[in-house]
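S.K.: The following block contains the structure, expressed as structure tokens.
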Amino acid sequence: AINRIGFDRYVDRMVLSPGYANEQRWKALVRVTEAVMDRANKLGHAGTPLPQVQWAELPLLTELPPRYVQSSRVLVDGHTERLRGFRSCIVVSSAAIDRFNEIRDSIVIINGDIPRLTSVYNSLIICTGDVAPISTLRSSVVLAVGHFDGSTGAQNSLVQARKMVRNPSGEANVFVNLGKAPDGDANKYIQTDQSPLGALRMFAPEMLGATMKLTGGEAVVESVTDKSPLAIAGVRKNDAVLAIEQNKWSTEDEFRVLLRKKSAQPTMALTIRRGDKEMTLNVKFVE
């Protein structure tokens with residue numbers, strides 16, 4: 001069910017859709033992290049097992065205090081104020097969490113970027129943006145859809161990212177789909193289709209039942225699937241989507257993120273042009 005709607009959209013729905021984050025969906029999210037770690041271990045990850053976070057027994061936080069967050073389930077739409085870090089937590093955020101220093105014995109899932117960190121120990125990080133430099137990385141798995149700026153002290157960890165900005169230092173690490181190992185390197189570099197990130201299907205507009213082509217700040221509908229939420233709302237082939245909840249975009253990535261976040265809520269308003277007429281269509285998402 002998670003990959004059917006997109007892993008990152010599922011994260012958004014957990015945070016943004018009232019009542020969505022019930023115990024069943026928390027359990028489904030944890031099962032996905034277990035599948036990710038299983039792939040990491042099959043590739044030779046030498047670190048410790050998945051952090052033993054007893055998530056079902058943890059209190060839920062929807063606001064973060066300016067200190068260490070310990071032994072909690074965290075569900076937030078990003079955070080910009082300073083805090084110390086996370087210990088023995090499962091953290092789910094639909095936007096970037098800025099200005100913290102440490103992750104320890106935790107599962108952290110963020111739709112957005114991760115800031116520069118002092119240390120990460122025995123943790124799993126899944127990030128749909130970029131990961132800034134991590135000074136000390138130990139026995140952890142870091143998965144970034146974007147770039148990873150490297151670590152000056154990585155050991156017994158697995159990293160997968162689109163690109164590594166700096167050459168890594170450390171030993172006994174596994175780097176997945178990040179190119180060949182330099183001669184004499186103490187780390188493993190693996191090219192594989194069975195990567196940890198490969199277990200996660202990220203959101204695409206087609207998951208809502210339509211294919212679209214972006215041209216000049218508009219998204220032209222090329223096809224609509226019968227009985228999909230967009231079809232039921234009245235979206236037709238050749239309609240031009242002009243705005244989503246009155247928000248516009250300038251790049252394809254901005255469009256995808258905007259559509260993903262707005263469609264994570266129970267309803268979404270699309271401003272479209274059909275021929276020479278503009279209209280608003282209300283799309284409903286029923287579980």
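S.K.: Is it true that some residue in the stretch 193-207 is at pLDDT below 90 and assigned to a strand (DSSP E or B)?
M.R.: no
S.K.: Please work out which residue is nearest to residue 34 (Cα to Cα), limiting yourself to the stretch 141-191 and to residues that are in contact with a His (Cβ under 8 Å, 6 or more places away or on another chain) and of a type in the set (A, V, I, L, M).
M.R.: 141
S.K.: I'm trying to understand the selection: among the residues of the stretch 197-245, which are among the β-branched types (Val, Ile, Thr) and either under 23 Å from residue 4 (Cα atoms) or without any contact (Cβ under 8 Å) to a residue 24 or more places away in the chain (or both)? If you could, list the steps in order and put the result at the bottom.
M.R.: Taking the stretch 197-245 first, the residues among the β-branched types (Val, Ile, Thr) are 211, 215, 220-221, 224-225, 232, 235, 241, 244.
211, 215, 220, 221, 224, 225, 232, 235, 244 - these are the residues of the stretch 197-245 that are among the β-branched types (Val, Ile, Thr) and either under 23 Å from residue 4 (Cα atoms) or without any contact (Cβ under 8 Å) to a residue 24 or more places away in the chain (or both).
S.K.: Sort through 210, 264, 204, 219 and tell me the only one that's surrounded by fewer than 19 Cβ atoms within 10 Å (Cβ to Cβ) and of a type in the set (A, V, I, L, M, F, W, C).
M.R.: Sole residue among the options that is surrounded by fewer than 19 Cβ atoms within 10 Å (Cβ to Cβ) and of a type in the set (A, V, I, L, M, F, W, C): 204.
S.K.: While we're on this one: Kindly evaluate residue 21 against the criterion of being open to solvent by 50 Å² or more (accessible area, probe 1.4 Å) and of a type in the set (Gly, Ala, Ser).
M.R.: Working: open to solvent by 50 Å² or more (accessible area, probe 1.4 Å): no; of a type in the set (Gly, Ala, Ser): yes.
In short, no.
S.K.: Hey, another quick one. Quickly run through the stretch 45-65 and pick out the residues that are assigned to a loop (DSSP other than H, G, I, E, B), at pLDDT 85 or above, surrounded by 11 or more Cβ atoms within 10 Å (Cβ to Cβ) and not β-branched (Val, Ile, Thr).
M.R.: 58, 64, 65
The values are calculated or read from the model by the stated rules, or taken from the named source; none is laboratory data. This structure is a prediction, so every number in the text was calculated from the model and none was measured. With ideal geometry, Cβ positions are generated from the backbone for all residues, glycine too; neighbour counts draw on all protein chains shown. Keep in mind that these areas ignore ligands, DNA and RNA; they rest on the heavy atoms of the full protein, side chains included. Shrake-Rupley method; radii C 1.70, N 1.55, O 1.52, S 1.80 Å.
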